Amino acid sequence: MNDYSQNITILRSLVEKVAGHKMQTSNDFIYLCGSIQGRLNITLGVSTLKRIWGYVDGVCKPRNSTLDILSQYVGYADWETFVCDFCGSEEARSSQVLWSKSIKSIDIPEGAEFEITWNPGRRLLLRHLDKDRFLVLESEKSKIKVGDKFHCDRFILLQPLNLFNLEREGYDPCDFIVGNKGGLMTISLLDSH
């Protein structure tokens, strides 16, 4: 990921922290618009925010004026100040783990079930089979199907997920990427019974 994309990811993460909401549903973006309006007395469109978070398809590079508003929302004068003062700081570099929480496959107990989500509204329920191999138990709004199996050595929050040797009955194994825009939004290990 280039510095520009990484800086956008950091800004999105800080906006969510200030708003106290993860941007996962249309209502979350409506809430964020209201929060920005209330804090700055500036209106940003819901569709603009959805594009920045990768919730909907659209222009990948936001306008600087939009980034200025989001930077002001998290306490900086503008986008350039945010990038110079925060993204280049040692705090931002040493805190990357906060924005890139990851789970290694070897740390997930065999047989454990867990859920991953990404925008817009996509969800998989997975079972860890062994080592780095997983089975899809449930799938919502995704091209990945129930019964698919794949290999993955790590799940990283806010990063796209690479599924290697995706196996589906009747098809040759292939590689597949989910969460191309904005990466995984949640990684949740479910309580085992």
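The values are calculated or read from the model by the stated rules, or taken from the named source; none is laboratory data. Remember, it's a predicted structure, so these values are computed and weren't measured experimentally. Methodologically, a virtual Cβ is constructed for each residue, glycine included, from the backbone with ideal geometry; neighbour enumeration extends over all protein chains shown.
Of note:
- Output for region 149-185, where each listed residue is of a type outside the set (A, V, I, L, M), surrounded by fewer than 14 Cβ atoms within 10 Å (Cβ to Cβ) and touching a residue at least 12 places away in the same chain (Cβ under 8 Å): 153, 169, 175, 180
- Annotation note: of 14, 70, the sole residue that is buried (at least 18 other Cβ atoms within 10 Å of the Cβ), at pLDDT 90 or above and either assigned by TED's automatic domain parsing to the domain that holds residue 179 or among the hydrophobic types (A, V, I, L, M, F, W, C) (or both) is 70.
Residues checked against (1) over 22 Å from residue 52 (Cα atoms); (2) outside any loop (DSSP other than H, G, I, E, B); (3) in the same structural domain as residue 14 (by TED's automatic domain parsing):
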{"residue": "127", "(1), (2), (3)": "yes, yes, no"}
{"residue": "135", "(1), (2), (3)": "yes, yes, no"}
{"residue": "142", "(1), (2), (3)": "no, no, no"}
{"residue": "156", "(1), (2), (3)": "no, yes, no"}
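- Residues located in region 164-180, provided they are of a type outside the set (Gly, Ala, Ser), part of a loop (DSSP other than H, G, I, E, B) and over 18 Å from residue 122 (Cα atoms): 168, 169, 171, 172, 173
- Top-ranked residue of region 17-39 - restricted to ones that are buried (at least 18 other Cβ atoms within 10 Å of the Cβ) and aliphatic (A, V, I, L, M), ranked as nearest to the chain's Cα centre (by Cα): 23
- Applying the set (1) of a type outside the set (A, V, I, L, M); (2) closer than 28 Å to residue 10 by Cβ; (3) outside any loop (DSSP other than H, G, I, E, B) to residue 120 leaves exactly one unmet item: (3).
- Breaking point among (1) modelled with pLDDT of 85 or more; (2) of a type in the set (Val, Ile, Thr); (3) assigned to a helix (DSSP H, G or I); (4) more than 15 Å from residue 185 (Cβ to Cβ), for residue 42: (3)
- Restricted to region 106-144, and to residues there that are buried (at least 17 other Cβ atoms within 10 Å of the Cβ) and of a type in the set (Asp, Glu), the residue that is nearest to residue 154 (Cα to Cα) is 132.
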